[in-house]
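Trainee: First the structure, then my questions, so here it is.
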Amino acid sequence: MPTPITIAVSLADERDRASIHAIRHQVYATELKQHPENATGLLLDKLDEVNVYLVARCAGRIAGFVSITPPNEHGYSLDKYFPYRDLPVIVDQRLYEVRLLTVTARHRGTPIALLLMYAALRYVEALGGRTIIAIGRLEVLPMYKRAGLEPLGRRVKSGEVTYELMAADVRDLVGRLSRFDAAVSRLERRVDWQLSEVPFRRQTACYHGGEFFNAIGDDFETLERKDVVINADVLDAWFDPAPSVVKKLAAHLAFALRTSPPTGCDGMRRAIARARGVPADSVLPGAGSSDLIFTGLRHWVTPRSRVLILDPMYGEYAHVLEKVIGARVDRLSLSRTRSYDLQFADLSAHIRGGYDWVVLVNPNSPTGRHVARQDLEPRLAKAPGTRWWIDETYIDYADCAGREQSLETYAAASTNVVVCKSMSKAYALSGARAAYLCGPPSMVDELRPLCPPWSASLPGQIAAVEALKASDYYRARWEETGVLRAELREGLLGLGWDVVPGCANFLLCHLPPAAPEAAAVAERARTRGLFVRDVASMGASLDARTLRIAVKDRRTNQAMVEILRITLAEMAAERARSAA
């Protein structure tokens, strides 16, 4: 596969203007017939005195550009079509017009248009713009609408081209960026960003999916919508908590909501220790695994630390290590041709280079692949000078018994291994936020003073303690998950997809090269109530046609496959019509 061409994005300088004017003439006069051709072969207007051009270059040559008209005394290009009094937006010093989004013929079909739209938004945002207004050709209106620009019901014809007036609030556009996180991550790996005063990204929290709450409503006023939405973009359990958990909480719910929990989660700590066969002083409870990741890694890892992580892997770790702590992070790439299995020779070779920490998710997300305990323990023993953080959120699905594969007892007896275990996914307690660390008492004791009192809620502590007693119920659900996962995989293979045979409650899927990109499929599936996750942002080894889908109950799994089948057929028909 050829290496993707790097795209340089910068402000246009005076030398670029002549090239831009020539490209404008070629596209808008010769090709689109919006303007008459002229003998100079150049196309420009009075706003070029105030316009800012952002250009995209490939191999040093302009491949595309976009113009931004800031507030100015000359007005905007749309003035000649739409009088100010007719504009349903506020015309003031925070209104910016984005226009002339242009890609040269040889680079159409590449990400350049998306990159220029993204750059324009970042540029306007950096200048404090409140509103973006634009006129877009009808043929490419879906692209603008997907980005968040809203048609205002006004059209105008210029030459042989019909334009639609559109506008958007900058904050709304920025808020929509999370759904394009995977596409933006792919762009980031290809771009030479030369806009020195405009950051490529805002500093934001790690993206975790959860777009389905946009359909339900995160103000919780319409929770009944949960019954018509399939939230397969997050990895919550498809089954309910054990009946004994629900009964206990229901019986004491008012008390649990109004009462402060045990300060240090001591009862929860003892219950975990009994269930896992480890000393109580090796256990540190927390309010979900993210709480413990931020607490533990921010204490133990410094900007001078060298850390090895897997690629692909759960994105929270790269976010905390690189963006929050600023550590020196290397990635051990997992190969699709080897089913994303960890290669021990590669691991050993990396560790010989000297790392302070190695972080593993096992079973891994988003691949679902697992390294057996008997294979991993010898590698841990051979690297006593390195500390290991092993996330076992999905370990219970690996063999439906948990303790046989978990490294908790090994970690508790070690001097350098910590296991992070969420109770969200395997115990159906995602909303309760219950998790724990298990490791040598000396390391766990370092973290206790850093954990705030009442870190886990009283409903969460009650649910966790009760869930650990219901081992028969959960073991049956984990076994059933294996059956459902196999059935779902068969259905997805029937779509012509390459589906990685994982062992957790989700599946990693590769769409064929001729299929649409995962982001487009995910967006279209949302219109039918199905939310799946485009996971390209989880690692450089994942391409743009990679989806992760959570395992659900049998009926829902069948519905998901059918929705995806219809979605793909619909998108294929649209491409065929466009090609014709």
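Trainee: Only residues that are of a type in the set (A, V, I, L, M, F, W, C) and surrounded by 15 or more Cβ atoms within 10 Å (Cβ to Cβ): list them for segment 127-152, please. Can you show your working first?
Mentor: Taking segment 127-152 as the starting set, the residues that turn out to be of a type in the set (A, V, I, L, M, F, W, C) are 127, 132-135, 138, 140-141, 143, 147, 149, 152.
Hits for segment 127-152 are LEU127, ILE132, ILE133, ALA134, ILE135, LEU141, MET143, ALA147, LEU149, LEU152.
Residue-wise test of (1) open to solvent by less than 40 Å² (accessible area, probe 1.4 Å); (2) at pLDDT below 95; (3) out of contact with any strand residue (DSSP E or B) (no Cβ under 8 Å at 6 or more places or on another chain).
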{"residue": "LEU380", "(1), (2), (3)": "yes, yes, no"}
{"residue": "PRO384", "(1), (2), (3)": "no, yes, yes"}
{"residue": "ARG387", "(1), (2), (3)": "no, no, no"}
{"residue": "VAL419", "(1), (2), (3)": "yes, no, no"}
{"residue": "SER424", "(1), (2), (3)": "yes, yes, no"}
{"residue": "GLY431", "(1), (2), (3)": "no, yes, yes"}
{"residue": "ARG448", "(1), (2), (3)": "no, yes, no"}
{"residue": "ALA464", "(1), (2), (3)": "yes, no, no"}
{"residue": "LEU468", "(1), (2), (3)": "yes, no, yes"}
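Trainee: Could you grab the pairs with beta carbons closer than 6 Å, sequence gap of 6+ or different chains, first residue in segment 1-18 and at pLDDT below 90, second one outside any helix (DSSP H, G or I) and surrounded by 10 or more Cβ atoms within 10 Å (Cβ to Cβ)?
Mentor: ILE5/CYS58; THR6/ASP192
Trainee: Report yes if some residue within segment 496-512 is crowded, with 17+ Cβ neighbours inside 10 Å, touching a Gly at 6+ places or on another chain (Cβ under 9 Å) and among the aromatic types (Phe, Trp, Tyr); otherwise report no.
Mentor: yes
Trainee: Testing PHE180 on (1) touching a strand residue (DSSP E or B) at 6+ places or on another chain (Cβ under 7 Å); (2) surrounded by 13 or more Cβ atoms within 10 Å (Cβ to Cβ); (3) outside any loop (DSSP other than H, G, I, E, B); (4) not aliphatic (A, V, I, L, M), one condition comes back false. Which one is that?
Mentor: For PHE180, the failing item is (1).
Trainee: Kindly indicate whether any position in segment 415-424 is under 22 Å from ASN505 (Cα atoms) and without any contact (Cβ under 8 Å) to a residue 40 or more places away in the chain. Step through it out loud before you land on a result.
Mentor: Of segment 415-424, the ones under 22 Å from ASN505 (Cα atoms) are 419-424.
Filter once more, keeping what is without any contact (Cβ under 8 Å) to a residue 40 or more places away in the chain: 419.
Yes, that holds for at least one residue.
Trainee: Can I ask one more? In the list THR527, THR546, which residue meets the criterion of being surrounded by fewer than 16 Cβ atoms within 10 Å (Cβ to Cβ) and within 23 Å of the chain's Cα centre (by Cα)?
Mentor: Residue meeting the stated conditions: THR527.
Trainee: Looking at the structure I just gave you, is GLU221 surrounded by fewer than 16 Cβ atoms within 10 Å (Cβ to Cβ), part of a loop (DSSP other than H, G, I, E, B) and in contact (Cβ under 8 Å) with a residue 40 or more places away in the chain?
Mentor: Numbers: surrounded by fewer than 16 Cβ atoms within 10 Å (Cβ to Cβ): yes; part of a loop (DSSP other than H, G, I, E, B): yes; in contact (Cβ under 8 Å) with a residue 40 or more places away in the chain: no.
For GLU221, the condition - surrounded by fewer than 16 Cβ atoms within 10 Å (Cβ to Cβ), part of a loop (DSSP other than H, G, I, E, B) and in contact (Cβ under 8 Å) with a residue 40 or more places away in the chain - is not met.
Trainee: Now a separate question. Quick one: in segment 329-365, of everything that is open to solvent by 30 Å² or more (accessible area, probe 1.4 Å) and small (Gly, Ala, Ser), which residue is modelled with the lowest pLDDT?
Mentor: GLY353
Trainee: So, one more: Report the residue count in segment 524-570 for those that are part of a helix (DSSP H, G or I), out of contact with any Lys or Arg (no Cβ under 6 Å at 6 or more places or on another chain) and over 23 Å from ASN505 (Cα atoms).
Mentor: Residues flagged as part of a helix (DSSP H, G or I), out of contact with any Lys or Arg (no Cβ under 6 Å at 6 or more places or on another chain) and over 23 Å from ASN505 (Cα atoms) within segment 524-570 amount to 5.
Trainee: Here is a further query. Residue under question is SER282, and the condition is that it be open to solvent by less than 10 Å² (accessible area, probe 1.4 Å), touching a residue at least 12 places away in the same chain (Cβ under 8 Å), over 20 Å from the mean Cα position of the chain (by Cα) and closer than 22 Å to GLU377 by Cα; does it hold?
Mentor: Yes, satisfied.
Trainee: Here is a follow-up. Looking at segment 153-165, is at least one residue within 25 Å of LEU44 (Cβ to Cβ), free of Cβ contacts under 8 Å to residues at least 24 places away in the same chain, of a type in the set (A, V, I, L, M, F, W, C) and surrounded by 15 or more Cβ atoms within 10 Å (Cβ to Cβ)?
Mentor: no
Trainee: Just name the residue that is surrounded by the fewest Cβ atoms within 10 Å (Cβ to Cβ) out of those in segment 183-199 that are small (Gly, Ala, Ser) and within 20 Å of THR546 (Cβ to Cβ). Steps first, please.
Mentor: Pass one, segment 183-199, residues small (Gly, Ala, Ser): 183, 185, 196.
Then keep just the ones that are within 20 Å of THR546 (Cβ to Cβ); that gives 183, 185.
Working: ALA183: 22, SER185: 20.
Result: SER185.
Trainee: Sticking with this one: Suppose we filter VAL301, VAL246 for residues that are aliphatic (A, V, I, L, M) and closer than 25 Å to SER471 by Cβ; which single one remains? Quick ask: steps written out before the conclusion?
Mentor: Working: VAL301 fails: closer than 25 Å to SER471 by Cβ.
Only one candidate passes the filter, namely VAL246.
Trainee: Of the conditions (1) among the small types (Gly, Ala, Ser); (2) touching a helix residue (DSSP H, G or I) at 6+ places or on another chain (Cβ under 7 Å); (3) under 30 Å from PRO88 (Cβ atoms), GLY159 satisfies every one except a single condition; which number is it?
Mentor: If we test GLY159 against (1) among the small types (Gly, Ala, Ser); (2) touching a helix residue (DSSP H, G or I) at 6+ places or on another chain (Cβ under 7 Å); (3) under 30 Å from PRO88 (Cβ atoms), just (2) comes out false.
Trainee: Out of the residues in segment 224-250 that are of a type in the set (Val, Ile, Thr) and assigned to a loop (DSSP other than H, G, I, E, B), state the one that is nearest to MET560 (Cα to Cα).
Mentor: Going residue by residue through segment 224-250, those that are of a type in the set (Val, Ile, Thr) are 228-230, 234, 245-246.
Keeping just the survivors that are assigned to a loop (DSSP other than H, G, I, E, B) gives 229, 234.
Working: VAL229: 11, VAL234: 14 Å.
Residue satisfying both the conditions and the ranking: VAL229.
Trainee: Could you tell me which numbered condition VAL483 fails, if it satisfies all but one of (1) in contact (Cβ under 8 Å) with a residue 12 or more places away in the chain; (2) more than 22 Å from the chain's Cα centre (by Cα)?
Mentor: Of the numbered conditions (1) in contact (Cβ under 8 Å) with a residue 12 or more places away in the chain; (2) more than 22 Å from the chain's Cα centre (by Cα), the odd one out for VAL483 is (1).
Trainee: Right, here's the next one. Picking from GLY288, GLY277, GLY326, which residue would you name as being open to solvent by less than 20 Å² (accessible area, probe 1.4 Å), in contact (Cβ under 8 Å) with a residue 12 or more places away in the chain and at positive phi? Walk me through how you get there before you give the answer.
Mentor: Working: GLY277 fails: open to solvent by less than 20 Å² (accessible area, probe 1.4 Å); GLY326 fails: open to solvent by less than 20 Å² (accessible area, probe 1.4 Å).
The unique qualifying residue is GLY288.
The values are calculated or read from the model by the stated rules, or taken from the named source; none is laboratory data. Treat the numbers as computed from the prediction; the structure is a model and nothing was measured. Reconstructed Cβ throughout: ideal geometry from the backbone, glycine too, with neighbour counts over all protein chains shown. Accessible surface areas use protein heavy atoms only, side chains included; no ligands, DNA or RNA. Shrake-Rupley method; radii C 1.70, N 1.55, O 1.52, S 1.80 Å.
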